[in-house]
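Asks: For reference, the structure I am asking about is given below.
The values are calculated or read from the model by the stated rules, or taken from the named source; none is laboratory data. All figures in this text were calculated on a predicted structure; none of them were measured in a lab. Note that each Cβ is placed from the backbone with ideal geometry, even for glycine, and that neighbours are counted across all protein chains shown. For the accessible areas, the whole protein counts, side chains as well, though only heavy atoms, and no ligand, DNA or RNA atoms are used. Shrake-Rupley method; radii C 1.70, N 1.55, O 1.52, S 1.80 Å.
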Amino acid sequence: MRATAAPYAAMVMDARTGEVLHSRNADTQLHPASLTKMMTLYVAFQAIERGEITLDTPVRISRLAASEPPSKLGLRAGQTIRLRFLLRAAAVKSANDAATAIGEAISGSEAAFATRMNRTARAMGMRNTNFRNAHGLTQSGHLSTARDMSVLGRHVIYDFPQYYNLFSRRSADAGIATVRHTNRRWLDAYEGGDGIKTGYTRAAGFNLVASAQRGQERVIATVFGGSSTSARNARITELMDMGFNRAPSRATIRRPNPPAAMLSSNSGTQANPGKIVRVSGLINRSIRPTARPTAAPVDAEVLVAAVDADIINAAVADSVNAALAEALAAPDPAPAQVAAAVPPAVTPVARPTQETVIAAAPAAVDAGPEVVTRISTSGGRHWGVNVGRYSSRYDAERVLLRVALNEMSTLDGSLRRVVQRSGGFDANFMGLTREGADLACRRLQARGTTCFMIGSDG
């Protein structure tokens, strides 16, 4: 299939720094086609992270979604399907019916979802983009640029690394069918190629935002207006090679600042009716170490509400038993020292099995079970994060376990540590790299959890 002479545009960017390595007509507004679905999926990932919807939320398919033209998954009006299958279909097969269903599930209507897409685009600095739908089929006023799509691709890579693997799957189970990747030929042919998204309409031509990593280098290349799949792939290969030749072998990664979740008035209509999503605590820049605050103790009951109480109580009691034994083993233990280790109404319990602590939270799509473990600090991992000060050791332990269960991807390998201070008990995660601690705090603060970075002596 060949396209009529659609306008050409291109951009090559060092993904690590955002530096532009090549551009041509990069700010010309053109039809993005299915590159649009990068934003559809980005907003979906954001909604999942904020608790508006889950990967396993059943989505009821509307007539509008079912009637979208190909490429499509083949959804029927009235059927229900889990969100995770819609995400796979949109990312891998570029299914238009799946994209519309995602937008309606999150914002209640395609129009409301498009509004949220545009707000998110503005927050990213995408100045010349306007979305009218969730799928990218040609519509008056639905336009973007090679620069803006490169910026969006960079945000997808760095803001949601746990979901980025979706864009490189050669095939995926989409619930009612197995779907195959629209760009598998280029992914198989180009060394280091791992995403991101193709797009085609007659008005747009053959578009592609691609990314590849070789060693420490990562390059993003974008093409608008290719005349065919093979011509587009050949051009993107040339641009990628140019990018790797021009990019420095070493560069400090400067991650883009994730935009705040742009909730529309209908957000969560289908997924969680009446749910209040906390939007305070969002940040626009990386947090660096500051002096320890002396805020009043945090209410632990609020923070642990999302995790099963039996799991928490069993694990916390185990930790408390160890603290009590340590206090009693000390020569001449002071009564206050023993009392501080014992919470009210807690009795020693058996250590929970690994199976008990397996979390089913949606980290990466189709990720296997993850187990919370305690690992000592080593290998230059001298940073940590503080998630609050509490009135008792028991409350601090409970919050640490809750946060560990809900943020395993960013806190993996850290050591949970409770430190007694004059104003209470600090709940810390230690044994992180500076980069890891910064990422953990940004993700926790985006969820409304108190967090700041600390050094190894915290």
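Asks: Looking at E104, is it out of contact with any strand residue (DSSP E or B) (no Cβ under 7 Å at 6 or more places or on another chain), part of a loop (DSSP other than H, G, I, E, B) and acidic (D, E)? Reasoning before the result, please.
Replies: On the way: out of contact with any strand residue (DSSP E or B) (no Cβ under 7 Å at 6 or more places or on another chain): yes; part of a loop (DSSP other than H, G, I, E, B): no; acidic (D, E): yes.
So E104 fails the test.
Asks: If the Cβ limit is 8 Å and pairs must be 6+ apart or interchain, which residue in region 233-254 that is within 11 Å of R218 (Cβ to Cβ) pairs with which residue that is basic (K, R) and open to solvent by 60 Å² or more (accessible area, probe 1.4 Å)?
Replies: F244/R214
Asks: Now for a different question. Filter region 437-447 down to the residues that are open to solvent by 20 Å² or more (accessible area, probe 1.4 Å) and in a helix (DSSP H, G or I), then identify the one that is nearest to G388 (Cα to Cα). First the steps, then the outcome.
Replies: Initially, region 437-447 is screened for residues open to solvent by 20 Å² or more (accessible area, probe 1.4 Å), giving 439, 442-443, 445-447.
Filter once more, so that each one left must be in a helix (DSSP H, G or I): 439, 442-443, 445-446.
Values: L439: 17, R442: 15, R443: 15, Q445: 12, A446: 15 Å.
The qualifying residue nearest to G388 (Cα to Cα) is Q445.
For every residue, the table says whether it meets (1) open to solvent by 30 Å² or more (accessible area, probe 1.4 Å); (2) in a helix (DSSP H, G or I); (3) of a type outside the set (G, A, S).
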| residue | (1), (2), (3) |
| --- | --- |
| V399 | no, yes, yes |
| L405 | no, yes, yes |
| G431 | no, no, no |
| E435 | yes, yes, yes |
| T449 | no, no, yes |
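Asks: Going by the structure shown, is L73 more than 30 Å from V20 (Cα to Cα) and in contact (Cβ under 8 Å) with a residue 40 or more places away in the chain?
Replies: So L73 passes the test.
Asks: Counting only residues that are open to solvent by 10 Å² or more (accessible area, probe 1.4 Å) and in contact with a Lys or Arg (Cβ under 7 Å, 6 or more places away or on another chain), which one in region 207-225 is farthest from E191 (Cα to Cα)?
Replies: So the residue we want is Q216.
Asks: On the basis of being open to solvent by 20 Å² or more (accessible area, probe 1.4 Å), more than 20 Å from T145 (Cα to Cα) and at pLDDT 95 or above, does R76 make the cut?
Replies: Against the criterion (open to solvent by 20 Å² or more (accessible area, probe 1.4 Å), more than 20 Å from T145 (Cα to Cα) and at pLDDT 95 or above), R76 qualifies.
Asks: Sort out which residues of region 420-429 are out of contact with any Phe, Trp or Tyr (no Cβ under 7 Å at 6 or more places or on another chain) and open to solvent by 10 Å² or more (accessible area, probe 1.4 Å), and write them in order of number.
Replies: Once the filter is applied, which keeps residues that are out of contact with any Phe, Trp or Tyr (no Cβ under 7 Å at 6 or more places or on another chain) and open to solvent by 10 Å² or more (accessible area, probe 1.4 Å), region 420-429 yields Q420, R421, S422, G423.
Asks: Scanning region 407-419 for residues that are open to solvent by 50 Å² or more (accessible area, probe 1.4 Å) and either closer than 25 Å to R254 by Cβ or of a type in the set (V, I, T) (or both), which turns out nearest to the chain's Cα centre (by Cα)?
Replies: That would be S409.
Asks: Within region 1-50, which residues are buried (at least 18 other Cβ atoms within 10 Å of the Cβ) and small (G, A, S)?
Replies: Passing the criteria: A3, A6, A9, A10, A15, A26, A33, S34, A44, A47.
Asks: Still on this structure, I have one more. Are there any strands (runs of 3 or more DSSP E) wholly within region 112-203 with 1 or more residues that are surrounded by fewer than 18 Cβ atoms within 10 Å (Cβ to Cβ) and in contact with a helix residue (DSSP H, G or I) (Cβ under 6 Å, 6 or more places away or on another chain), and if so which?
Replies: Hits in region 112-203: 193-201.
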